[in-house]
Amino acid sequence: MKAKEKPKFNTWQNSFWMLALAWREKEKKVIFLGILSAILTVSLNLTELYVVPVILDTVETRAPLGRLALIIAGFAAALMAIRALSTYITPLEAYGRLTTRFAVFDALNIKASSTSYPNIHDDNFEKLGKKSQSTINHDHAAAQAILYTLRQLVTNVLGFAVYVALMTAIHPLLLLLIFLTTGGAFLLNRKCSEYLHEHREEDQAHNRRLWYLFQKMQDPADAKDIRLFGLQPWMESLYDQLLEAYYLFAGKVQMRLFLAKVGEIVLTFLRNGAAYAVLIYMVLQGRIGVPEFLLSFTAVAGFAAWITGILENVSEVRRYSIELCAVREYLSYPELFKFEEGAALVPEPERLYELKLENVSFRYPGADHDVLKNVNFTLHPGEKVAVVGLNGAGKTTLVKLLCGFLDPTEGRVLLDGRDIREYNRRDYYKLFTAVFQDFSLLAVSIAANVAQSEENIDMARVRDCIDRAGLTAKIESLPEGYDTKLLRSVHFDAVELSGGETQRLMLARALYRNAPVIVLDEPTAALDPIAESEMYGKYHEMTAGRSSVYISHRLASTRFCDRILYIEDAGIAEEGTHEELLARGGRYAALFEVQSRYYREGGMDDEK
Ligand code: ADP
């Protein structure tokens, strides 16, 4: 069996971390109001505890009626005041807990969107991210519930302390008995919860199967098949079998719950019986009167409740703490890149830079071979380089190394001769603008998507970039033009652009950003052949004044570049202009021949 991993942060650390977060996030009220609320709860309990015995005592001692009325009024006023104050602070405190949960949410968002890029593809980081999500996704999730439970714990500890003082008059053996019976009942209940927890997956599996069948029988998509193939009796008998198995499982669970309940009742009976015996004995001995008897007996039950509360709260806080460990580990996940601690880099306007891969090798974590091995390549200032090669050759990886999304396993990436690892990586990204293969649209206006901001949008520039990307006619045909919102999943009145239109929009976005290097990773994949050739024609105009890296698996699509790198076998197999590569008659020339024949004659013959 795999040994259980020790949590990286203990219960104290996590509880303190949550309270410190509430404090920092200007939600100090969670702490102050929590303490106040605990005091109020215990005060209410004590007041209620004393009402009857005090009144009884007053009646017994034949006090004047006026005094009795005063006492009753006093109790009524105290109870009302405490309840009113509790009612007033409850929502304030709850709001504080909610905003603290959102502070955790915010911290997770910031980490997710700013962590070193390789972490995004790290399974462990991803797993922690998923686990963290379940601590913030509702009111009862750990990041909010732990604050409530901590407050309950303070209440129960306070109540316990007050009751210990109150019950010193009672026999110490009775106190011990209360401890033992209450502890015993708690352990029985915990055994049940543990059983449920251990069999959680079995329970879920039963439910999943039952739901699957239930949904299948209701699903319009399956309706024809169920009727045509006469599946109904089969499904019905399957349902019966599943239900039988589930009842068998549920029966075992119920039996445990029942036995625990019986145990709890027996223990409570023991406790109350002993308390009655001791207290009655004390009354008979004349050591206490009836009011004290009543007070003490009620206090015995109350005392047991505080103890149960403490035990339950402690185990709950521990459970939440284990869940919160994922959040803590996620937030403190090591950063591979330098950010603020790196050297600052402010790209100078109009300046072009030299980028160099020096003896670069790269292997993805867990892989058994290098995607790139000992690659040397310089992107000279203002140069237009194409990177071509078959699918999976390593073109995107090469560009990711150049852009600083990945660091080489061996070798260096140099910016004007200086290792890019020395720079603040966020600053380094300012050197680039790009169209990547995956489209990333934001649920804002078209203009804001191009400008990547909703403030200070240079509309003339937006129009110009949209025009250069060949999207003007489409945008201007929309009733709201550049203000049209994108993404129907967020805005009901949004438009959905086609794949090709979205790619053009991504191109406009890349053109809008002022950066000395432009990277275009298969930027025509979603375009039709006419749009594609139109784009090739405008390539120089589009990339004027910048260095550019153009990735494609279409060999001939890169003739307009100054230099072509052909990637194969984990390295730059050939390089030169299109004509030079053809003249050389190597791998590039051979593959170009295959590709162009496919286009000339139709691919079917080649594939045979
Ligand atoms: P290309 O852009 O030339 O199609 P890539 O650079 O995307 O090729 O991928 C090169 C190789 O690296 C492929 O074999 C691919 O499966 C592998 N690869 C790409 N990304 C990852 C990753 N995140 N983890 C592991 N392997 C990867």
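The values are calculated or read from the model by the stated rules, or taken from the named source; none is laboratory data. Note that this is a predicted model, so its numbers are computed, not measured. Here the Cβ positions follow ideal geometry from the backbone for every residue, glycine too, while neighbour counts run over all protein chains shown.
Observations on the structure shown:
- Complete set of residues in the stretch 72-84 that are surrounded by fewer than 16 Cβ atoms within 10 Å (Cβ to Cβ) and of a type outside the set (Gly, Ala, Ser): 72, 79, 80, 83
- Flag if residue 443 is surrounded by fewer than 16 Cβ atoms within 10 Å (Cβ to Cβ), within 16 Å of the ligand (Cβ to nearest atom), aliphatic (A, V, I, L, M) and within 33 Å of the chain's Cα centre (by Cα): no
- No other residue among 242, 174, 187 is out of contact with any Asp or Glu (no Cβ under 9 Å at 6 or more places or on another chain), assigned to a helix (DSSP H, G or I) and within 30 Å of residue 320 (Cβ to Cβ) apart from 187.
- Pair list, Cβ < 6 Å and 6+ apart or interchain, from the stretch 68-82 residues that are without any contact (Cβ under 8 Å) to a residue 60 or more places away in the chain to residues that are surrounded by 10 or more Cβ atoms within 10 Å (Cβ to Cβ) and part of a helix (DSSP H, G or I): 68/58; 71/58; 75/51; 78/47; 79/47; 82/40; 82/43; 82/44
- Only one of 436, 432, 405 that is away from the ligand (no atom under 16 Å from the Cβ) and touching a helix residue (DSSP H, G or I) at 6+ places or on another chain (Cβ under 9 Å): 432
- Restricting the stretch 358-391 to residues that are surrounded by 19 or more Cβ atoms within 10 Å (Cβ to Cβ) and among the small types (Gly, Ala, Ser), the residue that is farthest from the ligand (Cβ to nearest atom): 386
- Residue match in the stretch 102-116 (condition: within 21 Å of residue 11 (Cα to Cα), touching a residue at least 12 places away in the same chain (Cβ under 8 Å) and over 12 Å from the mean Cα position of the chain (by Cα)): yes
- Within the set 70, 36, 46, the sole residue that is part of a helix (DSSP H, G or I), within 17 Å of residue 150 (Cβ to Cβ) and of a type outside the set (S, T, N, Q) turns out to be 36.
- Of the residues making up the stretch 317-357, those that are touching a strand residue (DSSP E or B) at 6+ places or on another chain (Cβ under 7 Å), closer than 27 Å to residue 394 by Cα, among the hydrophobic types (A, V, I, L, M, F, W, C) and more than 16 Å from the ligand (Cβ to nearest atom) are 352, 355.
- Residues that are at pLDDT 90 or above and of a type outside the set (Val, Ile, Thr) within the stretch 220-229 comprise 222, 223, 224, 225, 227, 228, 229, listed in sequence order.
- Residue 551 being within 16 Å of the ligand (Cβ to nearest atom) and closer than 23 Å to residue 429 by Cβ: yes
- Residue within the stretch 484-505 that is touching a Ser or Thr at 6+ places or on another chain (Cβ under 7 Å) and under 30 Å from residue 415 (Cα atoms) present: no
- In the stretch 336-346, the qualifying residues are those that are touching a helix residue (DSSP H, G or I) at 6+ places or on another chain (Cβ under 8 Å) and not β-branched (Val, Ile, Thr), and the one that is surrounded by the fewest Cβ atoms within 10 Å (Cβ to Cβ) is 344.
- For the criterion of being at pLDDT below 95, out of contact with any His (no Cβ under 9 Å at 6 or more places or on another chain) and over 30 Å from residue 57 (Cβ atoms), residue 299 fails.
- Restricting the stretch 177-199 to residues that are aliphatic (A, V, I, L, M) and in contact (Cβ under 8 Å) with a residue 12 or more places away in the chain, the residue that is farthest from residue 167 (Cα to Cα): 196
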